[in-house]
1. Can you pull out the residues in the range 138-156 that are open to solvent by 30 Å² or more (accessible area, probe 1.4 Å) and not in a helix (DSSP H, G or I)?
2. Out of everything in the range 46-58 that is hydroxyl-bearing (S, T, Y) and either in a helix (DSSP H, G or I) or closer than 14 Å to N101 by Cβ (or both), what residue ends up being most open to solvent (accessible area, probe 1.4 Å)?
3. Only one residue in N30, N43, N67 is outside any helix (DSSP H, G or I) and at negative phi. Which one?
4. Within the set of pairs 6 or more residues apart or between chains, which connect a residue that is farther than 17 Å from I42 by Cα and open to solvent by less than 80 Å² (accessible area, probe 1.4 Å) inside the range 59-75 to a residue that is part of a helix (DSSP H, G or I) and of a type in the set (A, V, I, L, M, F, W, C) with Cβ atoms less than 7 Å apart?
5. Filter the range 87-109 down to the residues that are within 9 Å of the chain's Cα centre (by Cα) and β-branched (V, I, T), then identify the one that is nearest to I129 (Cα to Cα).
6. So, of the residues in the range 88-117 that are part of a loop (DSSP other than H, G, I, E, B) and aliphatic (A, V, I, L, M), which turns out to be surrounded by the fewest Cβ atoms within 10 Å (Cβ to Cβ)?
Amino acid sequence: MLDFLGRKKDETFYQFYKIINHEIVGKFENDLLATNDIEKSINYTTITQKQLQRWYMIQLGKYRKGNVNESFVLFNDLLKDRYANMKSDGIPEKEIKKSLNISPEIYGFWIDDDKDFIKRIEDIKKDLIIQAINDGKTKQEIIEIAGVTPREYDDLFKVADFKGDEIAQIR
């Protein structure tokens with residue numbers, strides 16, 4: 001049985017795997033830059049989720065060392081956009097992450113790296129809360145809809161009361 005990942009220490013097959021994998025990843029990056037569409041890029045390339053996750057982690061390591069890959073930046077921007085759009089549609093956090101295959105490493109990177117993304121998600125949560133309050137939902141329903149914890153919900157109102165924010169006025 002052939003083992004293209006080299007687990008049986010057959011250097012020839014392992015080197016072949018590395019060449020093919022490099023070509024697949026290169027095609028994925030080119031397709032991503034050309035189409036600005038993650039799904040089309042994955043489908044054109046037939047890259048697996050495992051290969052994509054591996055590519056992401058390699059690129060993340062390079063990014064943190066200052067070696068920025070344009071396709072990595074675009075991939076993150078597109079994925080964050082889709083995440084935010086799904087969040088604003090009221091789709092639960094777990095479903096979004098599962099649907100978009102967002103690992104804890106990816107989400108953690110976004111939270112650590114992009115303050116604008118954090119602000120965007122907070123604004124979306126606030127909008128979902130306001131809409132749910134206006135719809136007459138209970139506190140528990142609002143918490144579920146907005147994807148916040150009870151503490152985050154309470155803290156939001158404390159801050160809003162202090163700042164005189166619009167959310168404090170509707171309660």
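1. Taking the range 138-156 and keeping what is open to solvent by 30 Å² or more (accessible area, probe 1.4 Å), we get 138-141, 144-145, 147, 149-152, 154-156.
Correct list: T138, G147, T149.
2. Narrowing the range 46-58 to residues hydroxyl-bearing (S, T, Y): 46, 48, 56.
Filter once more, so that each one left must be either in a helix (DSSP H, G or I) or closer than 14 Å to N101 by Cβ (or both): 48, 56.
Working: T48: 68, Y56: 2 Å².
Filtering the range 46-58 for residues that are hydroxyl-bearing (S, T, Y) and either in a helix (DSSP H, G or I) or closer than 14 Å to N101 by Cβ (or both), the one most open to solvent (accessible area, probe 1.4 Å) comes out as T48.
3. On the way: N30 fails: outside any helix (DSSP H, G or I); N43 fails: outside any helix (DSSP H, G or I).
Checking each option against the conditions leaves just N67.
4. Final answer for the pair search is L60/F109; Y63/F72.
5. That would be I96.
6. Here is the first cut: in the range 88-117, the residues part of a loop (DSSP other than H, G, I, E, B) are 89-92, 101-103, 114.
Still in the list and also aliphatic (A, V, I, L, M): 91, 102.
Working: I91: 14, I102: 17.
My answer is I91.
The values are calculated or read from the model by the stated rules, or taken from the named source; none is laboratory data. These numbers were taken from a predicted model, which means no experiment stands behind them. Don't worry about glycine lacking a Cβ; one is built from the backbone with ideal geometry, like all the others, and counts go over all protein chains shown. The protein model used for the area step is the full one, side chains on, heavy atoms only, and it has no ligands, DNA or RNA in it. Shrake-Rupley method; radii C 1.70, N 1.55, O 1.52, S 1.80 Å.
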